Amino acid sequence: MSDVQILEVPNYVLQKGGVLPTARLAYKTVGTLNADRSNAVLVPSWYTGTHVETEMFFVGPERALDPRKYFIVLTDLLGNGMSSSPSNTPPPYERTRFPRVTIQDNVRLQHQLITQTLGIERLRLVTGWSMGACQTYQWASQYPDMVAAACPIAGSARTASFNKVFLMSLRRTLEMDPAYAEGYYDRAPVAGLRAFATIYAGWGVSEPFFRTGAYRIFGAANHEEFVQYFWEPFFLKCDANNLLSQLSTWMDGDISANPQYEGNFERALGAIRACTIIMPVDNDRYFPPVDAQEEARHIPGAECRVIESIWGHMAPMNPGDVPVIDKALHELLA
């Protein structure tokens, strides 16, 4: 893509062990950095998303993240096919040999981009949806002096057990397809990817979404067509090993799992100094409001503001839910 830039970091040591000989972070910047470098906003990508989708759903002249006012940095998650991933890393770290990377690995790489490449000392706002929200929590806890405001949307500071069971089901669905061939496939494991998509369809939105027939907005007459028209094409274009790499990153999410906080989750949350609005969605099955409310209790001055939407986890993609999200971002940026 012509608009993408790449930060390359040699011999990048990973949290879970191992080294990437060259860690590649794909990113895009939108807008202009002002003279005192005080208008920078960071938006990390989500599971399977890239900076392209992030810009599409969060950035625009009529949005809170207005490139006429802010210098917006859009980063790509390791494993998403744009940054270093199983699908684009040369031997001996290709495919299933690609090492396990964490949210912290992603954030450390982004920190190098922000401070050394872009020369920014403080971020006006860090925000993101889903795994982007997980990275937002990590940023605010790991670099508390750098983040003025934080808005995690439909994500968590630590992946909950119920969420992990869902992730396990996705992993096993792909691995059980004979065509997956333990990650060394010559053709895409189509049956596994279709089953993967079907499971995701039941979690991505909500029961009221299906009950009210909201899938008709996608041209689907029923739930089967919704899976067939929307979810299957989306996941069939994804590389299976990339999907599993990002699943591992999601599974390991925990802002306290590092020497800085030594597993003390409440201390990691309490270290956050950013002005924080946490935005869970009432019908989100991955990241329910109960987890966000508990996290907010331990972050000084944080507010938990629940989005009410039958779109569940996918609420940020629904134009009807955008004003609620932008209102919070406007407040934090002000």
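The values are calculated or read from the model by the stated rules, or taken from the named source; none is laboratory data. From a predicted model like this one, the values you see are computed outputs, not experimental measurements. A quick note on method: Cβ atoms are made from the backbone with ideal geometry, for glycine too, and the neighbour counts reach across all protein chains shown. Just the protein is used for accessible areas: all its heavy atoms, side chains included, with ligands, DNA and RNA removed. Shrake-Rupley method; radii C 1.70, N 1.55, O 1.52, S 1.80 Å.
Would you mind classifying the stretch 221-286 by shape? Square roots of the alpha carbon gyration tensor eigenvalues, ordered a ≥ b ≥ c; an a/c under 1.5 is rounded, otherwise it is prolate if a/b is larger than b/c and oblate if not. Intermediate values should be presented prior to the final figure.
Values: a/c = 3.86, a/b = 1.89, b/c = 2.05.
The shape class here is oblate.
Average accessible surface for the stretch 266-329: 41 Å² per residue, computed with a 1.4 Å probe over protein heavy atoms with every protein chain in place. Using a/c under 1.5 as the rounded threshold, could you call the stretch 1-103 rounded, prolate or oblate? The axes a ≥ b ≥ c are square roots of the C-alpha gyration tensor eigenvalues, and prolate needs a/b larger than b/c, oblate otherwise. Taking the square roots of the gyration eigenvalues as a ≥ b ≥ c, the stretch 1-103 is prolate. Compared with the rule-of-thumb size 2.2 N^0.38 Å for a compact globular protein, the stretch 1-48 has a Cα radius of gyration ratio of 1.50.
So, with +1 on the Cβ of K and R and -1 on the Cβ of D and E, and no other charges, what is the size of the charge dipole of the stretch 115-262 about its Cα centre, to the nearest 20 debye?
On the way: 11 positive and 14 negative charges, 70 e Å.
For the stretch 115-262, the charge dipole is close to 340 debye.
Peptides 74-82, 59-67 ranked from most to least packed give 74-82, 59-67, packing being the mean of other C-beta atoms within 10 angstrom over each peptide's residues. Taking every C-alpha pair closer than 8 Å and separated by at least 6 residues, the mean separation divided by the residue count of the stretch 72-231 gives a relative contact order of 12 percent. Rounded to the nearest whole Hz, the Karplus-based 3J(HN,Hα) values (6.51 cos²θ - 1.76 cosθ + 1.60, θ = phi - 60°) of the stretch 298-312 follow the sequence 9, 9, x, x, 6, 10, 9, 10, 7, 7, 9, 7, 6, 6, x, with x at glycine and proline. Spherically averaged projected area of the convex hull of Cα atoms, the chain: 16.1 nm². Can you work out the FRET efficiency for the pair GLU308 and ILE217, with r the C-beta to C-beta distance and R0 = 25 Å, to the nearest 0.05? That gives a FRET efficiency of 0.90.
Between PRO323, PRO280, PRO189, the residue with the greatest mean-square fluctuation in the GNM of the chain (Cα pairs under 10 Å linked by springs) is PRO323. What is the stretch 183-334 by shape, rounded, prolate or oblate, if you read a ≥ b ≥ c off the alpha carbon gyration tensor as root eigenvalues and call it rounded for a/c under 1.5, prolate for a/b larger than b/c, and oblate otherwise? It is oblate, given that a/c is not under 1.5 and a/b is not larger than b/c. Coupling constants for the stretch 236-251 follow from the phi torsions by the Karplus curve (6.51 cos²θ - 1.76 cosθ + 1.60, θ = phi - 60°), and in residue order they are 5, 8, 8, 7, 4, 5, 5, 4, 6, 5, 5, 4, 4, 4, 4, 4 Hz; glycine and proline get x.
Accessible surface ranking for ILE217, ILE325, 1.4 angstrom probe, highest first: ILE217, ILE325.
In percent, what relative contact order does the chain have, based on Cα pairs under 8 Å that are 6 or more apart in sequence?
On the way: 662 pairs, mean separation 57.4, N = 334.
Over the chain, the number comes to 17 percent.
Listed values for the stretch 221-229 are Karplus-derived 3J(HN,Hα) couplings in whole Hz (6.51 cos²θ - 1.76 cosθ + 1.60, θ = phi - 60°), namely 8, 7, 5, 5, 5, 4, 5, 5, 8, and x replaces Gly and Pro.
How large is the helix-only mean residue ellipticity at 222 nm for the chain, computed as the sum of -39500 (n - 2.57) over DSSP H runs with n ≥ 4, divided by its residue count, in deg cm²/dmol to the nearest 500? Rounded to the nearest 500, the figure is -10000 deg cm²/dmol. About its Cα centre, the dipole of the chain is roughly 340 debye, where the only charges are +1 on Lys and Arg Cβ and -1 on Asp and Glu Cβ. Take the Cβ atoms of VAL52 and GLU225, set R0 to 25 Å, and the FRET efficiency comes out at 0.45.
Ranked by the mean number of other Cβ atoms within 10 Å per residue, highest first, peptides 298-305, 252-259 order as 252-259, 298-305.
What percent antiparallel are the DSSP beta bridges of the chain, to the nearest 5?
On the way: 13 of 32 bridges.
Beta bridges within the chain, antiparallel portion: roughly 40 percent.
What is the dipole size for the stretch 1-54, taken about its Cα centre, with +1 at each Lys and Arg Cβ and -1 at each Asp and Glu Cβ, in debye to the nearest 20? It would help to have the intermediate numbers written out before the result.
Details: 4 positive and 4 negative charges, 32 e Å.
I would put it at about 160 debye.
Relative contact order, whole percent, for the stretch 148-283 stands at 37, derived from Cα pairs under 8 Å and 6 or more residues apart.
Take each peptide in 11-22, 156-167, 103-114, count the other Cβ atoms within 10 Å of every residue, and average; sorted highest first, the result is 103-114, 156-167, 11-22.
Along the axis of the charge dipole computed for the stretch 28-115 (Cβ charges of +1 for Lys and Arg, -1 for Asp and Glu, origin at the Cα centre), the listed residues ASN80, TYR47, PRO91 are led at the positive end by PRO91.
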